[in-house]
Amino acid sequence: MVKKGLECSEGELAKFCTLVTKSGEVQTQGLFELVREAEYLAFHYADNGSLVGIGALKRPRSSYKMKVFQKSGTALSADEYNLELGWLYTKPEFRGKGITQAIVGTLLSKIGCEKVFATTRKDDAKHILKKFKFTETGKRFESSRRGYRLSLFVRG
């Protein structure tokens, strides 16, 4: 299921935020409002009705985009990319079943050929992004969150 952030109930937003924080890669302060403001939120439910996978297309602030593009050292302009694919998370016991790939495909189908970027540190996510015609650009860079390195991917 995909909905605009502003169309989601408080309960849906809370469940989405709970899974986002399980990834351990996001700042929780202000997260609820950022999730609410997302262009699209994707929810994947198991047969028993429990939420097992999420993803989003969001319109990040200019300052964040500029920082990411500058850190990567890419020659591409951050101003050309108004959407970010992110907050992808699938519960561990449901990984390897194509859920993340289905979420990414569903989200991207909502935006046609609009330019979008994503950052990732995980090799499996890189594989999924490449399936959807994202290309890695620039160099790997240090995350401001926890001392790991990220790659910048762009599409369009």
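The values are calculated or read from the model by the stated rules, or taken from the named source; none is laboratory data. Just so it is clear, the structure is predicted and the values come from calculations on it, not from any experiment. In this analysis, Cβ positions are derived from the backbone assuming ideal geometry, glycine residues included, and neighbour counts consider all displayed protein chains.
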Odd one out for Ser77 among (1) of a type in the set (Gly, Ala, Ser); (2) under 17 Å from the mean Cα position of the chain (by Cα); (3) closer than 29 Å to Lys139 by Cβ: (2)
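Listed here are the residues, each with its yes/no results for (1) among the aliphatic types (A, V, I, L, M); (2) surrounded by fewer than 18 Cβ atoms within 10 Å (Cβ to Cβ).
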site	(1), (2)
Asp47	no, yes
Leu51	yes, yes
Gln70	no, yes
Glu80	no, yes
Leu88	yes, no
Gly96	no, yes
Cys113	no, yes
Residue among Phe153, Phe132, Phe117, Phe141 that alone is surrounded by 13 or more Cβ atoms within 10 Å (Cβ to Cβ), among the aromatic types (Phe, Trp, Tyr), modelled with pLDDT under 95 and over 21 Å from Leu19 (Cα atoms): Phe141
Tell me whether region 80-90 contains one or more residues that are out of contact with any strand residue (DSSP E or B) (no Cβ under 6 Å at 6 or more places or on another chain), part of a loop (DSSP other than H, G, I, E, B) and without any contact (Cβ under 8 Å) to a residue 12 or more places away in the chain. no
Quick one: Asp124 ticks every box in (1) surrounded by fewer than 18 Cβ atoms within 10 Å (Cβ to Cβ); (2) closer than 18 Å to Gly96 by Cβ; (3) at pLDDT 95 or above bar one, so which box is it? (3)
Filtering region 4-53 down to residues that are under 15 Å from the mean Cα position of the chain (by Cα) and among the charged types (D, E, K, R), which residue is nearest to Gly98 (Cα to Cα)? Lys22
If you check every pair at least six apart or on different chains, which have Cβ atoms under 7 Å apart with a residue in region 96-111 that is without any contact (Cβ under 8 Å) to a residue 60 or more places away in the chain first and a residue that is assigned to a helix (DSSP H, G or I) and exposed (fewer than 15 other Cβ atoms within 10 Å of the Cβ) second? Gln101/Lys131
Determine if region 118-126 includes at least one residue that is under 15 Å from Ala56 (Cα atoms), touching a helix residue (DSSP H, G or I) at 6+ places or on another chain (Cβ under 7 Å) and not small (Gly, Ala, Ser). yes
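Among the residues of region 64-74, which ones are assigned to a loop (DSSP other than H, G, I, E, B) and touching a Ser or Thr at 6+ places or on another chain (Cβ under 8 Å)?
Of all residues in region 64-74, those assigned to a loop (DSSP other than H, G, I, E, B) come to 73-74.
Within region 64-74, Thr74 is the sole residue that qualifies.
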List the number of the failed condition for Lys122; all other conditions in (1) closer than 15 Å to Leu150 by Cβ; (2) in contact with a strand residue (DSSP E or B) (Cβ under 7 Å, 6 or more places away or on another chain) hold. (2)
If Ile103 passes every condition in (1) aliphatic (A, V, I, L, M); (2) exposed (fewer than 15 other Cβ atoms within 10 Å of the Cβ); (3) within 22 Å of Gly24 (Cα to Cα) but one, which one does it miss? (2)
